[in-house]
Amino acid sequence: MTKEIFYFLVFPGLLFAGVLGGFLSWFDRKITARVQFRQGPPLFQPLYDFVKLLAKETILPKYGSPLTFLLSPVFALAGATLAAVFILLPVLGIESGFSGDLLVIIYVLNIPSVTYIIGGLASGNPLAAVGSSREIKLILSYELPFLLVLTSIIIKSGMTINLREIIDVQIAQGANIGSLSGIFGFITILMCVQAKLGLVPFDMAEAEGEICDGIMIESSGSVLAIYKLVKYIMFLTLPALICGLFFSGLELSGINILWSILKVLLVVLLITLIRNTNPRVRIKQAMRFFWVWMNLFAVISIILSIIGV
Amino acid sequence: MGKKTIIPIGPYHPLLEEPEFFKLYCDGETVVDMVWETGYNHRGIEKICESKTFEQVFYVVERICGICSTSHPFAYANAVESIPGIEIPLRAKYIRTLIGELERIHSHLLWVGLAGHFLGYNTVFMWAWKYREPVLDMFEMITGNRNSYAMFTIGGVRRDIDSERAGKLFKVLDEAEKKINLLIGAVMDDPVIHARLKGVGTLTAKDIHDFGAVGPTARASGVDIDVRRDDPYAAYDLVNWKVITAQAGDVFAKAEVRLLEMLESIKIIRQCLDFLQKNPEGEIKAKVREIPAGIGIGHAEAPRGEVFHFVKSDGGNSPIRHKIRAPSYTCIPTFRRSCIGGTISDAAIATAAVDPCYCCTERMSQAYDFRTGKKLYNAADLIRLSQQKTEEIKKQLHKR
């Protein structure tokens with residue numbers, strides 16, 4: 001039991017994922033700033049943001065449900081940490097996980113998005129309601145291609161639904177990204193992760209210029225701080241999942257640490273570049289993009305992995 | 001139709017640089033009706049102008065808007081100079097034209113940046129504003145200020161541009177042109193921007209005529225109007241340039257018109273600098289003894305469209321009536337055609353596409369009861385109330 005609590009709270013859960021995710025979000029902001037001719041934040045800025053927000057007053061919305069509004073960030077944090085534990089344990093090679101953990105990961109990864117929606121609706125703000133409705137549509141769009149890509153990976157790895165075994169197969173036979181089906185799958189999952197993280201071009205749930213941060217509009221103080229922490233954790237978890245599925249996992253021993261860091265940074269760099277070279281699309285366009293193009297890519301990936309390319 | 005929700009854009013909103021209130025009545029994501037509320041920015045500029053001398057009014061109208069801070073003095077100068085019928089020196093005409101066109105470049109770059117920001121494309125925002133810097137540097141070299149240039153005066157301009165400085169300006173202009181070309185390429189060739197802006201907020205030529213919209217908003221819908229060509233002032237009839245129009249009328253066409261106009265402006269500035277360098281000597285200010293009684297009308301093509309100033313003089317040293325009509329005043333109401341029926345995301349960029357300048361627009365305010373819609377006070381009532389209040393305070397002070 002103590003081991004599980006340690007996993008959840010310290011490594012690779014809350015503390016580890018929060019700190020490393022904060023670093024990755026700093027990396028993202030620094031690269032963004034450099035692309036935009038700006039100086040960018042200092043290294044500890046994510047920490048400063050988090051601590052400052054914790055110290056600020058939390059304002060409860062007048063026309064909402066305060067309990068739901070306050071609980072949803074807690075559930076979001078729990079869900080994100082759980083996802084981090086389930087993904088990082090096998091990806092880092094600490095524990096082999098259990099049979100079928102990929103299915104659990106699919107569910108757990110959705111908890112933060114769902115709590116955003118609930119929190120947004122509970123705030124009683126019309127702009128948050130618009131944001132929530134957009135987030136729902138977004139989940140409906142990216143979830144299917146995400147599942148299809150996972151199917152393609154599962155077929156490729158000999159019908160195993162255990163993340164560690166998928167990584168082991170890759171270590172034995174070469175990383176999934178090296179094959180044609182892997183490339184199609186990688187493009188698809190990168191877009192899905194972009195949408196899951198709520199970054200441009202799929203940030204319409206928070207669209208600052210249209211609905212002033214949408215689902216987050218009423219969050220303040222510690223509520224916003226916890227949402228920020230959730231974002232940090234997701235910023236590590238999702239790239240780590242991509243590394244596990246396509247780059248034969250991460251390792252924490254010897255010189256391999258450097259490789260692991262490079263892999264994660266590469267994925268984050270791609271995500272950052274995509275968000276800096278695109279405007280926000282309309283929700284309709286995003287849905288069409290995922291349902292037509294990304295599903296097509298994912299299906300191609302599945303067909304290719306059945307053929308064995 | 002289901003229940004309508006009011007989605008507020010404003011009074012404080014990241015989309016608007018100034019306090020302003022757009023009420024979007026939405027059915028789901030679709031905008032079914034839209035109402036515009038003003039009155040947050042009223043400063044009584046016209047009344048203030050009546051208490052200043054003709055010379056001082058320049059610096060007041062310059063502060064109507066921080067972005068098009070030369071177009072208002074331009075139109076005012078045209079208005080005042082038309083009362084005695086002053087012909088300003090050729091050199092002053094060229095310098096005025098140069099300042100006006102530099103302002104157009106910096107205003108359009110600012111708009112491109114903001115439009116990028118509204119689309120969540122912050123890279124374009126930062127790049128456009130970075131590339132705006134050389135233009136502001138040029139302003140600083142010429143006038144000493146990056147904004148609010150205090151360059152105009154009755155009968156001419158206040159500062160000269162010597163040939164040495166003109167040479168330096170050429171260099172900065174070349175640098176700016178390169179960057180502007182880069183930005184134009186980046187914006188016009190981006191497929192995602194095309195997907196996002198084409199067919200959004202479309203205004204037909206009929207809509208433009210119905211609302212009397214002006215400037216790039218009108219030109220993007222194929223309405224070929226431009227004060228600089230239709231009623232030339234300053235040196236616009238002496239330089240070689242052309243009016244940019246587009247036919248589509250959507251947000252992309254408006255962006256296209258603005259981007260290409262910048263290149264025309266660079267062309268005009270080159271010719272002005274060339275003239276100033278070749279003719280280094282010359283008066284920059286005509287002597288004006290007094291402004292006789294009469295009315296003066298002046299207009300100028302601001303970056304957003306036609307600015308109109310009406311000045312009435314009784315032969316004294318200050319205008320007895322000063323009326324201003326800014327371009328946004330007719331451009332903003334076009335949202336009734338461009339936004340209704342679209343989605344919230346489209347409404348946001350379509351309202352921003354006319355480059356609204358709210359502080360320019362607010363000329364009069366009235367207070368309404370928000371439940372019944374009954375008129376409570378108009379400007380005169382508010383002044384009367386204010387005076388009553390002052391009287392009461394005075395009385396209380398005397399009692400002590």
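Taken together, the values in this text are just the output of simple stated rules run on the coordinates, not laboratory data. None of the values given here were measured: they were computed from a predicted structure. A quick note on method: Cβ atoms are made from the backbone with ideal geometry, for glycine too, and the neighbour counts reach across all protein chains shown.
Charge dipole (Cα centre; +1 on Lys/Arg Cβ, -1 on Asp/Glu Cβ; no other charges) of the protein assembly as shown amounts to roughly 1120 debye.
Simple spin-label estimate for A:ILE255 and B:LYS178 gives 4.3 nm between the two label positions (7 Å along the Cα-to-Cβ direction from each Cα). Computed about the Cα centre, the dipole magnitude for chain B is approximately 1220 debye when only Lys and Arg (+1) and Asp and Glu (-1) carry charge, each at its Cβ. Phi angles of the stretch B:176-186 translate, via the Karplus equation with coefficients 6.51, -1.76, 1.60 and θ = phi - 60°, into HN-Hα couplings of 5, 5, 4, 5, 5, 4, 4, 5, 4, x, 5 Hz per residue; Gly and Pro are given as x. Extension gain, A:VAL114-A:LEU180: 0.36 nm per intervening residue step, less the Cα-Cα distance, totals 20.4 nm. Per-residue ellipticity at 222 nm from helix content only, as computed over chain B with -39500 (n - 2.57) for each DSSP H run of at least four residues, stands at -15500 deg cm²/dmol. Cross-link partners for A:LYS56 among the lysines, with Cα-Cα distance under 27 Å and sequence neighbours closer than 8 places in the same chain left out: A:LYS30, A:LYS228, A:LYS231. Computed from phi, the 3J(HN,Hα) profile of the stretch B:189-196 under the Karplus parametrisation 6.51, -1.76, 1.60 (θ = phi - 60°) reads 9, 7, x, 5, 5, 4, 4, 7 Hz, with x in place of Gly and Pro.
Let's test the formula: R0 of 41 Å, r as the Cβ-Cβ distance of A:TYR63 and B:ILE320. What FRET efficiency results, to the nearest 0.05? Working from the Cβ atoms, E equals 0.20. Excluding the site residues themselves, the longest part of chain B lacking any GluC sites (Glu not before Pro) in a DSSP loop with at most 13 other Cβ atoms within 10 Å is B:88-280. Between the amide H of B:THR153 and those of B:ARG158, distances stay under 5 Å, these residues lying 5 or more places away or on another chain, with hydrogens modeled in the peptide plane. Here the relative contact order of the stretch B:45-328, from alpha carbon pairs under 8 Å that lie six or more residues apart, stands at 30 percent.
Quote the FRET efficiency, to the nearest 0.05, computed for A:MET159 versus B:LYS242 with a Förster distance R0 of 56 Å and r equal to the Cβ-Cβ distance. According to the calculation, E is roughly 0.25. Loop only by DSSP, 12 or fewer other Cβ within 10 Å of the Cβ. Give me the trypsin sites (Lys or Arg not before Pro) in the stretch B:320-353 that pass, ordered by residue number. Answer in residue order: no site qualifies.
Take every Cα pair under 8 Å whose residues are at least 6 apart in sequence, average their separation, divide by the length of chain A, and the relative contact order is 29 percent. Determine the percent antiparallel among the DSSP beta bridges restricted to the stretch B:45-328, to the nearest 5. If I count the DSSP bridges inside the stretch B:45-328, around 100 percent turn out antiparallel.
Applying 1/(1 + (r/R0)^6) with r as the Cβ-Cβ distance of A:ILE187 and B:ARG146 and R0 = 56 angstrom yields a FRET efficiency of 0.80.
Local charge for A:LEU270 was computed over the other residues whose Cβ lies under 15 Å away, with Lys and Arg +1 and Asp and Glu -1, and equals +2. What does the charge add up to near B:PRO303, with Lys and Arg as +1, Asp and Glu as -1, over the other residues with Cβ less than 13 Å from its Cβ? The answer is -1.
3J(HN,Hα) along the stretch B:80-97, derived from phi through the Karplus expression 6.51 cos²θ - 1.76 cosθ + 1.60 where θ = phi - 60°, amounts to 5, 5, 6, 5, x, x, 6, 9, 7, x, 4, 4, 5, 4, 5, 5, 4, 4 Hz, with x in place of Gly and Pro. If only the Cβ of Lys and Arg carry +1 and only the Cβ of Asp and Glu carry -1, the dipole of chain A around its Cα centre is close to 640 debye. Take the convex hull of the alpha carbons in chain A; its mean projected area over all directions comes to 15.9 nm². Extension gain for B:ARG384 to B:GLU50 (0.36 nm times residue separation, less C-alpha to C-alpha distance): 118.4 nm. Between A:LEU54 and A:LEU296, the modelled labels are 4.9 nm apart [label points 7 Å from Cα along Cα→Cβ].
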